[in-house]
1. Somewhere in the stretch 120-136, is a residue within 26 Å of ARG23 (Cβ to Cβ), among the β-branched types (Val, Ile, Thr) and in contact with a strand residue (DSSP E or B) (Cβ under 8 Å, 6 or more places away or on another chain)?
2. Please go through (1) farther than 26 Å from GLY382 by Cα; (2) surrounded by 15 or more Cβ atoms within 10 Å (Cβ to Cβ) for VAL204 and return the number of the only condition it doesn't satisfy.
3. Mind checking whether some residue in the stretch 288-298 is surrounded by fewer than 17 Cβ atoms within 10 Å (Cβ to Cβ) and not in a helix (DSSP H, G or I)?
4. I'd like to know if the stretch 270-283 contains one or more residues that are under 29 Å from ALA375 (Cβ atoms), at pLDDT 95 or above, out of contact with any Leu (no Cβ under 7 Å at 6 or more places or on another chain) and surrounded by 19 or more Cβ atoms within 10 Å (Cβ to Cβ).
5. Name the single residue that is surrounded by the most Cβ atoms within 10 Å (Cβ to Cβ) among those in the stretch 71-81 being more than 20 Å from the chain's Cα centre (by Cα) and in contact (Cβ under 8 Å) with a residue 12 or more places away in the chain.
6. Within the stretch 130-214, which helices (runs of 4 or more DSSP H) (wholly inside it) include 3 or more residues that are touching a residue at least 24 places away in the same chain (Cβ under 8 Å)?
7. Go through the stretch 362-381 and report how many residues are without any contact (Cβ under 8 Å) to a residue 60 or more places away in the chain and either surrounded by 24 or more Cβ atoms within 10 Å (Cβ to Cβ) or of a type in the set (Gly, Ala, Ser) (or both).
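The values are calculated or read from the model by the stated rules, or taken from the named source; none is laboratory data. Because the structure is a prediction, the values reported are computed rather than measured. Note: ideal-geometry Cβ built from the backbone for every residue, glycine included; neighbour counts use all protein chains shown.
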Amino acid sequence: MSRETVVLGAGMVGVSIAWHLARRGRSVLLVDRLPPGRETSYGNGGLIQREAVRPYTFPRELSKLLSSLPNRRVDIRYRWSGVLQFAGPLFDYWRYSSPRHYARIIPEYASLIALSTQEHAPMIEAAGARELIGKEGWLEVHRSQTELERRALEAEDSARRFGVTHDLLDGQGLALKEPGLGGGLAGAIHWTNSWSVADPGELVAAYARSFEQSGGEFLQAEVRGVRQAESGWRLDTDQGGIDARDVVVALGPWAGSWLRDLGYHLPTFVKRGYHMHYGTAEGQRIDHWLADADIGYILAPMRAGIRLTTGAELAPLDAPSSHDQLAAAECKARELFPGLGERLEAQPWKGARPCLPDMKPVIGPAPRHAGLWFAFGHGHQGFTMGPATGRVLSEMMEGEPTAVDMAPFRAERF
């Protein structure tokens, strides 16, 4: 089997890249061990976060670091095996989170976030997926007045610099928006130009079907190895060999380890996460996606039920599941929304976010191999930034001017 381009990884990032390349007339084969949208992209909070111009930092305040040591927080949990395995990247993550570095990173990161909804829009239309999309925004709920005021100042700055839109709600305004929430809340920021997705995995699958309608092909296969060949690249899979001129690595949390055999030792690490779906008590509902921002989880009214997604767990990618973080989030979620019902699944879903220390993805050509391209490390925002990544990487591969400056995203920075 021979293809002009093979894209490895059928999550939101890989599918978006394949979609854009096929639209440019390339012969594209998309390869994954599972159907499109069934790994990391399946389990997220279901938001296209146009407002997310500030990536998540490593905590630097001593009080927050000390509060993490008992390992009972909802937003962050750790296992010593994960901390030790990722010690180098985590130290660099802490270093890049300093005010001096972070001030430079924000506009670079925001350049891709700013393309998010505008690049999802044509893919949604082509995929016939409008019924999955809500454009009512989402609510960042705060229990602390101090935190609400701090975030309101950041929201104003984001509005001025990056075109983010929002409304500031006090406790009474929040109660009018969501009357089913518990009391004692300071208020919320209503992010108004971000979109919600009722079934994230199905949106990725719809994009993949649109890709196939454009002439692309999908192969469900396990890639066992890759090597340079006379005409480009040779991939060995459990479904046979594949020859390609170009190979795009969009393997999310698996990209770092997969590339080591080619001599690339990028400082990747993962933040794992869990979700569970819940019913609601009779007569109770929530109408918006909600983030309990001072605690660190999301409640999302999806097709499958109310999805509760946890914060981050620092643990090895394949370590056994631990459900304590989800249980702690559930207790807090029942305070926030007393109408939260019973669990709808026997076991929580587990996945991992692919991260790099400077909070930005790697997007662009491999430094030492012609025809090898990278697109991974999107952290919490691969679902949001996938279509923008597809656009800019396809522009790079075709030798076209890119929508944004891609120098901050190249692998050479490490």
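1. Yes, the conditions are met somewhere in the stretch 120-136.
2. (1)
3. No, the stretch 288-298 contains no residue that is surrounded by fewer than 17 Cβ atoms within 10 Å (Cβ to Cβ) and not in a helix (DSSP H, G or I).
4. yes
5. ARG73
6. Per the criteria, 145-162, 200-213.
7. Summing the residues that are without any contact (Cβ under 8 Å) to a residue 60 or more places away in the chain and either surrounded by 24 or more Cβ atoms within 10 Å (Cβ to Cβ) or of a type in the set (Gly, Ala, Ser) (or both) in the stretch 362-381 gives 3.
Every residue, every condition in (1) β-branched (Val, Ile, Thr); (2) over 22 Å from the mean Cα position of the chain (by Cα); (3) under 27 Å from ALA198 (Cβ atoms), yes or no:
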| position | (1), (2), (3) |
| --- | --- |
| PRO253 | no, no, yes |
| TRP258 | no, no, no |
| GLY263 | no, yes, no |
| LEU266 | no, no, no |
| PHE269 | no, no, no |
| ASP287 | no, yes, yes |
| ALA291 | no, no, yes |
| ILE298 | yes, no, yes |
